[in-house]
Amino acid sequence: YEQQALEAIQSAGDPQRIEEVRVEFLGKKKGRLKDLQSVLGKVTPEERPVVGRRFNEIKNRVQSAWEQKRDQLAKPAAAAEAIDVTLPGVSLPLGSRHPIAQTIDEFKEIMGRLGFSVADGPEIEDERHNFEALNIPLDHPARDPLDNFYLATAGRSSDRPLLLRSQTSTVQIRVMEQTAPPVRIVSLGRVYRPDAIDATHSCMFHQMEGLMVDRGITMADLKTVLRLFATAYFGDDVHVRFRPSFFPFTEPSVEVDMAWGDGWLEIGGAGMVDPNVLKAVGYDPEEVTGFAFGLGVERFAMRRFAISDERGIRHFYDNDVRFLQQF
Ligand code: PHE
């Protein structure tokens with residue numbers, strides 16, 4: 001019995017078969033263990049303790065061999081439910097830096113190589129820094145409340161009008177107020193204008209202001225710096241064109257275009273710092289001259305990334321992941 005039982009247990013290959021083996025060899029009702037037990041009834045009273053012990057030993061061995069096999073056969077099913085370490089992992093979505101932030105970093109890096117350090121200024125400004133010191137008189141149309149985001153400051157402890165800066169030229173004043181010439185800085189940040197929004201205009205956009213003041217600075221230095229900058233950013237020779245223009249804080253003033261395809265793209269304004277501005281910050285216009293420029297950061301990014309569809313500049317502020325993922 002034991003021999004046959006152990007062999008049957010060993011050769012059982014699946015949970016169903018091992019159950020059949022249990023019924024056959026260990027079944028309580030009519031299994032072969034039952035037959036063996038009936039032999040016990042036939043032995044003499046003297047033989048009974050010995051035979052009984054033998055019976056129990058055999059029964060226990062078969063029982064534990066059977067249990068071991070049952071557990072072993074159950075394992076593969078359990079293993080299938082556990083973690084399969086050979087499956088490829090699930091990658092976590094990684095964010096990336098916003099294209100405008102990337103562009104600003106690159107601008108700072110290029111201008112740093114040209115010797116310009118980075119200056120910063122507040123986005124909420126007063127009229128002195130946004131207008132007066134920049135030689136923009138009270139009656140100038142640029143100060144029209146409809147062309148600026150004035151803050152509701154009336155009735156506050158100080159009734160000094162405040163506004164969201166409309167240009168980064170404010171930082172020119174802040175830097176010159178605090179440092180003696182020579183200066184060579186750029187400042188990058190947001191500016192705000194209540195313009196109608198379309199493919200190339202937004203009520204908030206970014207500018208890079210540049211300012212260089214020293215003895216003997218000329219328009220030629222301005223053009224050289226802008227051309228070197230555009231060439232460094234686009235990685236090949238870019239033509240830069242000046243068109244006569246007017247800004248209250250520069251004289252002479254120019255609009256700056258760069259060649260794009262068959263035409264030109266306006267990238268900002270520039271000029272020689274007006275003597276009135278130098279005087280407003282305590283510089284001596286007889287001693288130093290300087291140039292200043294203000295470039296539209298988005299214009300450069302749109303050209304670099306070939307964004308020319310009708311959504312245009314708005315792509316940068318939509319926060320559509322499908323757009324942002326591409327950078
Ligand atoms: N501040 C001007 C603008 O926003 C640009 C500019 C900057 C022009 C510096 C001249 C000098 O349009």
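The values are calculated or read from the model by the stated rules, or taken from the named source; none is laboratory data. Here the structure is a predicted model, which is why all the values come from computation and not from measurement. Here the Cβ positions follow ideal geometry from the backbone for every residue, glycine too, while neighbour counts run over all protein chains shown. In case anyone asks, the SASA skips ligands and DNA or RNA and just uses the protein heavy atoms, side chains included. Shrake-Rupley method; radii C 1.70, N 1.55, O 1.52, S 1.80 Å.
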Inset, instruction - Determine the per residue accessible area of the chain with all protein chains present and a 1.4 angstrom probe, expressed in square angstrom. - result: 57
Inset, instruction - Write down, largest first, the equivalent ellipsoid semi-axes of the chain in whole Å, where each equals the square root of 5 times an eigenvalue of the alpha-carbon gyration tensor. - result: 92, 22, 18
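For the range 128-225, what does the alpha-carbon gyration tensor say about shape, rounded, prolate or oblate, given a ≥ b ≥ c as the root eigenvalues, a/c under 1.5 as rounded, and a/b over b/c as prolate?
Numbers: a/c = 2.27, a/b = 1.44, b/c = 1.58.
Note, shape of the range 128-225 comes out oblate.
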Inset, instruction - Quick one: angle between helix 48-81 and the longest Cα principal axis of the chain, in degrees between 0 and 90, rounded to 10, please. - result: 20
Inset, instruction - Straight distance only, please: which lysines reach the Cα of Lys30 with their own Cα at less than 20 Å, same-chain residues fewer than 8 apart left out? - result: Lys42, Lys59
Inset, instruction - Can you run the Rg to Rh ratio on the range 69-192? Use alpha carbon positions and the Kirkwood inverse-distance Rh. - result: 1.48
Inset, instruction - Pop out the carbon and sulfur fraction of the accessible area of the range 50-111 as a percent, whole number, probe 1.4 Å. - result: 58
Inset, instruction - Return the distance in nm (one decimal) between the two label points of a simple spin-label model at Ala82 and Asp159, each offset 7 Å from Cα along Cα→Cβ. - result: 8.0
Legend entry - Spatially proximal aspartates and glutamates relative to Lys34 (Cα-Cα < 16 Å; intrachain offsets below 8 disregarded): Glu2, Glu20, Glu24, Glu57
Legend entry - the range 1-80 pair-distance distribution - Cα-Cα, 10 Å bins, rounded %: 18, 44, 24, 11, 3, 0
Legend entry - Convex hull volume of the range 63-129 per residue (C-alpha atoms, cubic angstrom): 231
Legend entry - Crossing angle, helix 2-11 versus the chain [Cα axis fit, 0-90 degrees, rounded to tens]: 30
Legend entry - Dipole magnitude of the range 204-327 about its Cα centre (Cβ charges: Lys, Arg +1; Asp, Glu -1), debye to nearest 20: 280
Legend entry - Nearest 10 degrees, 0 to 90: helix 219-234 Cα axis against the chain principal axis: 20
Legend entry - Value of relative contact order over the range 14-148, rounded to a whole percent, pairs C-alpha under 8 Å and six or more apart: 15
Inset, instruction - Would you please state the base-10 log of I(q)/I(0) at q = 0.15, 0.19, 0.31 1/Å for the range 131-184, with intensities from the Debye formula using one equal scatterer on every alpha carbon? - result: -0.55, -0.80, -1.24
Inset, instruction - Normalising by the residue count of the chain, find the relative contact order in percent from Cα pairs under 8 Å and 6+ residues apart. - result: 15
Legend entry - Mean Cβ count within 10 Å, highest first, over the residues of peptides 31-44, 82-95, 102-115: 102-115, 31-44, 82-95
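Could you work out the relative contact order of the range 239-327, using alpha carbon pairs under 8 angstrom and six or more residues apart, expressed as a whole percent? Walk me through the numbers before you get to the answer.
On the way: 112 pairs, mean separation 16.6, N = 89.
Taking the mean separation of contacting Cα pairs over the length of the range 239-327, I get 19 percent.
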Legend entry - Cross-link reach list, lysines versus Lys279, counting only Cα pairs under 25 Å and skipping chain neighbours closer than eight places: Lys223
Inset, instruction - Mind grabbing the base-10 log of I(q)/I(0) for the range 191-310 at q = 0.20, 0.21 Å⁻¹? Debye formula, identical points on the C-alpha positions, no solvent, two decimal places. - result: -1.15, -1.22
